[in-house]
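As structure tokens, the structure follows; a few thoughts come after it.
The values are calculated or read from the model by the stated rules, or taken from the named source; none is laboratory data. These figures come from a predicted structure and were not determined experimentally. So basically every Cβ, Gly included, is an ideal-geometry build from the backbone, and we count neighbours across all protein chains shown. Only protein heavy atoms, including side chains, enter the accessible area calculation; ligands, DNA and RNA are left aside. Shrake-Rupley method; radii C 1.70, N 1.55, O 1.52, S 1.80 Å.
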Amino acid sequence: MIATGIPKLDDYLHGGVPIGETLVYYAHPGVEGAVFGMQSLFHALSTGISGVYVASSTEPRRIREQLGEFGWDVDAYGDRFAIIDAFSGLIGADSHERYVVADPGDVRSLTQCIHNAMEDLREPGVLVFESLSTIMDLCGESETLDAIEEWNQYAMLYDHVMIYNFTAWPYSDDTLLSIKENICDSTVSVGGIVGDVIFGQYFGVLKANWTDVVRKYILFKVLKPGGVRAYIPKILVTGPFDAGKSTFVHALSTRAVSVDRFGTTIALDHGHVDHKGFAADIFGTPGQERFDPIIKLLSGEAMGVFLVLDSTRSEDFARGKQMLEITRSFGLPVVIVANKQDCDGALTPENIRDKLDMPENILIMPAVATTGEGVFEAFETLIDMVTGV
Amino acid sequence: MTYKLGISRLDELIGDIKSGTNIMMIGPPISRKDDITNIIAHQGLLDANAVVIVSTREPGNNVLEWFERYDSDVPVDRIGIVDCVTRTLGFGASDTDNIKMASSPVDLTGIGVKISQFLEHFWMEMQLRETRLCINSLSTILMYSNLQTVFRFLHVFTGRMKAANALGIYVIEEGMHDEKTIVTLKQLFDGMIEIRGSEEGYQIRAVGFTPKPTPWFDYEVDGTNIVLRG
């Protein structure tokens with residue numbers, strides 16, 4: 001298996017792409033698809049696997065810069081990394097790459113380079129195509145489809161993994177169907193939520209010959225540096241007054257802001273989390289009853305909820321349960337954070353479950369928000385629940 | 001929701017342009033199509049529109065400077081430029097708030113992503129509901145990619161302009177392409193701004209907005225104004 005390095009995708013693919021098999025990132029126009037192939041390439045390099053990038057619409061120097069913008073220094077991997085330059089010939093520029101396609105408009109010329117690179121690669125290796133659609137535009141649809149079958153056979157023969165970035169411009173239906181369903185062992189759709197504009201981006205596995213497909217779509221954002229991050233647009237943090245919600249939000253967040261007065265939240269806390277391939281925006285509610293109308297406003301469209309409780313104040317637990325009702329969060333993934341576990345008299349999560357009369361399937365996790373202890377464990381648990389793994 | 005070109009006589013004759021309209025501007029070299037494109041974009045800024053310009057002929061900074069030179073109060077936060085030139089000249093410029101760098105005019109996928117990012121930014125973060133997209137020029141893109149490829153790209157983005165109730169302006173150099181190319185591309189557009197040479201200089205007219213084309217007008221470009229005569 002060669003992992004893709006895309007958060008959650010490797011879980012859905014049961015570890016990644018098996019040696020000798022192929023994957024296509026099938027991206028809709030206008031969506032950031034190319035970064036998926038780049039991230040998979042860099043992840044392979046960083047785990048000791050050789051990688052080749054087939055550049056068809058960008059100068060090799062610029063590709064190195066683009067990778068650098070994501071924080072991926074591919075040159076550090078020496079001769080384990082190479083570029084097949086199928087671009088410079090197109091604009092009549094010189095190339096100093098190891099593999100140069102003399103005539104990018106001739107698919108046989110490209111095939112020869114790919115064959116040479118596969119022979120030279122240390123096994124196993126990964127070949128990532130910057131843009132299959134550009135090759136198709138230059139070389140023709142049927143010619144490229146025939147060539148892909150040949151390249152995929154080479155991959156099987158030489159124990160490499162092929163990864164293609166493909167932008168689904170309005171080609172013929174046969175071509176699109178072939179790319180989407182037939183020509184590769186697996187297909188990952190990279191799409192956009194299209195309204196008047198593209199509001200958000202998602203990916204999901206459409207097909208994987210080696211495993212059952214998990215029909216789940218993950219929203220994502222692209223960060224520089226960082227690359228693809230699974231994105232949870234809204235996680236709610238609620239709980240009674242003085243339970244430590246703001247401290248919890250700040251402990252989790254790479255950046256956060258609180259609207260408070262004399263240390264008490266009167267409007268909201270907002271934080272952005274960037275942790276282990278996941279990005280999320282978290283919104284903390286005030287705890288006092290007079291702010292309940294604000295809580296209702298804040299809680300719309302949340303994808304998961306933290307209920308933060310002060311483990312030493314069992315008299316506030318009923319209020320906590322009431323706040324879950326106010327946020328209309330029943331049915332959403334919920335993690336109860338048993339905060340202030342370092343304080344005298346703190347109840348254990350199991351004691352709290354008894355007092356709250358919560359069923360076993362609601363997770364209650366211990367935490368000390370002031371030190372950060374347990375906060376990321378709670379975050380990872382909620383993310384797993386939201387993403388369904 | 002309607003748009004005006006910012007070319008007074010033509011605007012009077014064709015009336016308001018309905019949202020979702022895509023317009024081809026075609027004319028000979030050195031007829032100041034760059035300026036006319038920018039003037040149409042500038043009218044958008046005056047009308048509180050967002051403006052996205054795909055520049056394949058001039059570095060993004062030059063395009064931005066045009067607006068700053070002629071309008072000291074220009075709202076730059078409503079301008080987005082997809083620069084397809086700077087990196088092909090070998091400069092390693094980074095994206096800014098106003099200028100996003102595409103790898104090259106070949107990289108239609110990348111250009112499409114940058115356009116979408118600006119549209120999302122203006123729609124979602126700035127709550128702007130009227131947008132103008134100006135691609136200057138399709139001719140450069142056609143130098144690197146074949147007609148079918150460019151047609152596919154435009155098919156997607158003219159559709160997006162309709163969906164977003166935007167106004168699209170697409171510039172083509174007359175004389176650089178065969179008749180088949182022009183006829184093929186025309187299918188995607190709702191109207192045309194035509195420019196031709198004359199004894200006096202150049203003339204302009206609008207086609208497809210009214211039952212008959214407007215008359216030809218001699219014109220002069222003066223900063224953000226275009227003065228029509230005749």
Most mobile listed residue (B:T109, B:T21, B:T37) in chain B, GNM with C-alpha springs under 10 Å: B:T109
Report, as an integer, the average count of C-beta atoms from other chains found within 10 Å of each Cβ along A:58-68. 3
On the protein heavy atoms, probe 1.4 angstrom, tell me the percent of accessible surface of the protein assembly as shown carried by carbon and sulfur. 49 percent
Derived scalar couplings ³J(HN,Hα) [region A:40-54; Karplus, 6.51 cos²θ - 1.76 cosθ + 1.60; whole Hz; x for Gly, Pro]: 5, 4, 5, 4, 4, 4, 6, 10, x, 9, 6, x, 10, 10, 9
Spin-label model distance (nm) - A:V194 vs B:S8, 7 Å beyond Cα toward Cβ: 4.1 nm
Which of B:R69, B:R205, B:R129 moves the most in a Gaussian network model of chain B with Cα springs under 10 Å? B:R69
CD proxy at 222 nm, helix term only [per DSSP H run n ≥ 4: -39500 (n - 2.57); per residue of chain B; nearest 500]: -10000 deg cm²/dmol
Can you list the residues of region A:170-213 whose accessible area drops by at least 40 Å² going from the chain on its own to the full set of protein chains, with a 1.4 Å probe? A:P170, A:D196, A:V197, A:I198, A:F199
State, to one decimal in nm, how far the label point of A:D384 lies from the label point of A:S46, with both points 7 Å from Cα in the Cβ direction. 2.2 nm
Under the helix-only model (-39500 (n - 2.57) for each DSSP H run of 4 or more, divided by the residues of chain A), the mean residue ellipticity at 222 nm, to 500 deg cm²/dmol, is -9000 deg cm²/dmol
Length-normalised contact order of chain A in % [C-alpha pairs under 8 Å, at least 6 apart]: 14 percent
Where a ≥ b ≥ c are the square roots of the eigenvalues of the C-alpha gyration tensor, would you call the protein assembly as shown rounded, which needs a/c under 1.5, or, failing that, prolate if a/b is larger than b/c, or oblate? oblate
Accessible-area loss of at least 20 Å² (1.4 Å probe, chain alone to full protein assembly) applies in region B:100-114 to B:S103, B:S104, B:V106, B:D107, B:T109, B:V113
Region A:193-264: chymotrypsin sites (Phe, Trp or Tyr not before Pro) falling in loop per DSSP and having at most 14 other Cβ within 10 Å: A:W210, A:Y217, A:F262
Rounded to whole angstrom, the alpha-carbon centroid of region A:129-193 lies from that of region B:79-150 at a distance of 25 Å
Protein chains only, probe 1.4 Å: how do B:S19, A:S50 rank by accessible area, largest first? B:S19, A:S50
Only Lys, Arg (+1) and Asp, Glu (-1) charged, at Cβ; chain B dipole about Cα centre in debye: 760 debye
Size of the A/B contact, given as accessible area buried on both chains, probe 1.4 Å, in Å²: 2400 Å²
Please work out the average accessible area per residue across region B:2-229, using the 1.4 Å probe convention, and give it in Å². 40 Å²
Taking only protein heavy atoms into account and a 1.4 Å probe, give the accessible area per residue of chain A in Å². 40 Å²
I want to verify a result. In a Gaussian network model of chain A, Cα cutoff 10 Å, which of these has the top mean-square fluctuation: A:I282, A:I362, A:I232? A:I362
DSSP loop GluC sites (Glu not before Pro) in region A:223-319 with at most 16 other Cβ atoms within 10 Å of their Cβ, which ones? A:E301
Quick one: Cα centre-to-centre distance for region A:340-389 and region B:1-42, in angstrom? 61 Å
Which FRET efficiency value, to the nearest 0.05, do you get for A:A93 and A:D120 by plugging their Cβ-Cβ distance into 1/(1 + (r/R0)^6) with R0 = 30 Å? 0.80
Shielding score for B:144-152, defined as the mean number of other chain Cβ atoms within 10 Å: 4
Treat each spin label as a single point 7 Å out from the Cα along the C-beta direction, and report the A:D73 to B:D222 distance in nm. 5.8 nm
Counting other Cβ atoms within 10 Å, which chymotrypsin sites (Phe, Trp or Tyr not before Pro) in region A:283-389 have at most 11 and lie in a DSSP loop? A:F330
Go ahead and collect, in residue order, the members of region A:47-61 whose backbone nitrogen is under 20 Å from a label point 7 Å along the Cα-Cβ direction of B:L89. A:58-61
Within chain A, the percent of DSSP beta bridges that are antiparallel, given to the nearest 5, stands at 40 percent
Which residues qualify? For B:I169, with a placed amide H closer than 5 Å and at least 5 residues away or on another chain, they are B:I23, B:L133, B:C134, B:I135
Here the longest stretch of chain B that holds no GluC sites (Glu not before Pro) in a DSSP loop having at most 12 other beta carbon atoms within 10 Å is B:1-198
Heavy atoms only, 1.4 Å probe, whole protein assembly: order A:W151, B:W216 by accessible area, highest first. B:W216, A:W151
